[in-house]
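The values are calculated or read from the model by the stated rules, or taken from the named source; none is laboratory data. Just so it is clear, the model here is predicted, and its values are computed rather than measured. Don't worry about glycine lacking a Cβ; one is built from the backbone with ideal geometry, like all the others, and counts go over all protein chains shown. Just so you know, the surface numbers come from the protein's heavy atoms only, side chains and all, with ligands and any DNA or RNA stripped out. Shrake-Rupley method; radii C 1.70, N 1.55, O 1.52, S 1.80 Å.
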Amino acid sequence: MLKKLLLACALLLGLSLSSVNAAPAHIVMMIGEDEYHTWETLPAYAGSDLKATGYRVTIVHADAKDKNNFPGIEAALRDADLLFVSVRRRTPVKEQLDAVRAYLASGKPLVGIRTASHAFALARNAKALTDPKLAIWQDFDPEVLGGRYTNHHKAGIICTATTAPGDAKHPILRGVNVANLTSPRSLYKVSPLVNGTVPLVIGTIPNESAEPIAWTHLYGAKKGRIFYTSMGDPDDFKQADFRRLLGNSIAWALGK
């Protein structure tokens, strides 16, 4: 009887019965950085915004005793619908990074914030990786995210945000007042973006060239949907428009 009622409601709403019975999308957050407190802000955001929206969220933190180890990431990615990355210069256990590669090769989506642009890359002056148990993905930024992070401008200078030309109606920007995305965060140097990326938000500081601070990209043969923003410090999470931007990007990446 209940299924018949659900079917009737679904038909009235133009939905299929499968969508009524669909399990909530599973978001896996991979967190491993020491600068922007996303080990605090992202779990709080997941609780206040994502779970309340109906998503299922699994949070995988880097091991406090071994920052290159992300225990549980392989198992979590097996049924993940979206991978959310906030990682800075980590060299994960090879099997763990292989799981990330396999997940992305399957065409599934990813959302990255702030230091995800150099998530699995060694710094230019770093010693070569010698431990065969660990792995790097030096070109994760251009290959997956579509950016070319090289450095950042001085912090403390207010970065103003404007909509990229022609993209005011992009679904990720729906309901977002881009002018509110101001912050004293250091503006990342990411230009030129890889061919095929779609800039959404442009950041500007005085006397410097403008830089994209949010964009989309398609990765791999299966064109997995990718969203990246260089925003993501604690003050950003206090802004309703930034949280809406993230929520919209997750929905877009999932094809909702």
Restricting the search to segment 198-210, which residues are open to solvent by 20 Å² or more (accessible area, probe 1.4 Å) and either touching a residue at least 24 places away in the same chain (Cβ under 8 Å) or among the charged types (D, E, K, R) (or both)?
Val198, Pro199, Ile202, Thr204, Pro206, Glu208
Near pairs, Cβ below 7 angstrom, 6+ apart or cross-chain, from segment 83-100 (within 15 Å of Ala123 (Cα to Cα)) to any residue that is at pLDDT 95 or above and in a helix (DSSP H, G or I):
Val87/Thr115; Val87/Ala116; Arg88/Thr115; Arg88/His118; Arg89/His118
I'd like to check which helices (runs of 4 or more DSSP H) are fully inside segment 1-66 and have at least 1 residues that are more than 19 Å from Asp233 (Cβ to Cβ), open to solvent by 60 Å² or more (accessible area, probe 1.4 Å) and at pLDDT below 90.
2-13, 17-20
With open to solvent by less than 20 Å² (accessible area, probe 1.4 Å), part of a loop (DSSP other than H, G, I, E, B) and touching a residue at least 24 places away in the same chain (Cβ under 8 Å) as the only criterion, which of Ala76, Ala80, Ala123 stands out?
Ala80
What number of residues in segment 100-120 are assigned to a loop (DSSP other than H, G, I, E, B) and surrounded by 13 or more Cβ atoms within 10 Å (Cβ to Cβ)?
5
Residue hits (segment 177-196; crowded, with 20+ Cβ neighbours inside 10 Å, assigned to a loop (DSSP other than H, G, I, E, B) and not aliphatic (A, V, I, L, M)) are Arg185
Among the residues of segment 83-99 satisfying the criterion of being of a type in the set (A, V, I, L, M) and either assigned to a loop (DSSP other than H, G, I, E, B) or more than 21 Å from Pro24 (Cα to Cα) (or both), which is most open to solvent (accessible area, probe 1.4 Å)?
Val93
Inspect all residues belonging to segment 145-155 and state whether any of them is charged (D, E, K, R), closer than 15 Å to Arg89 by Cβ and in a loop (DSSP other than H, G, I, E, B).
no
Does at least one position in segment 127-139 carry a residue that is open to solvent by 10 Å² or more (accessible area, probe 1.4 Å), closer than 22 Å to Glu35 by Cα and touching a strand residue (DSSP E or B) at 6+ places or on another chain (Cβ under 6 Å)?
no
Which residues, taken from segment 212-256, are among the charged types (D, E, K, R), surrounded by 19 or more Cβ atoms within 10 Å (Cβ to Cβ) and closer than 19 Å to Asn177 by Cα?
Asp233, Asp236
Out of all the residues in segment 141-151, is one or more in contact with an Asp or Glu (Cβ under 7 Å, 6 or more places away or on another chain) and open to solvent by 70 Å² or more (accessible area, probe 1.4 Å)?
yes
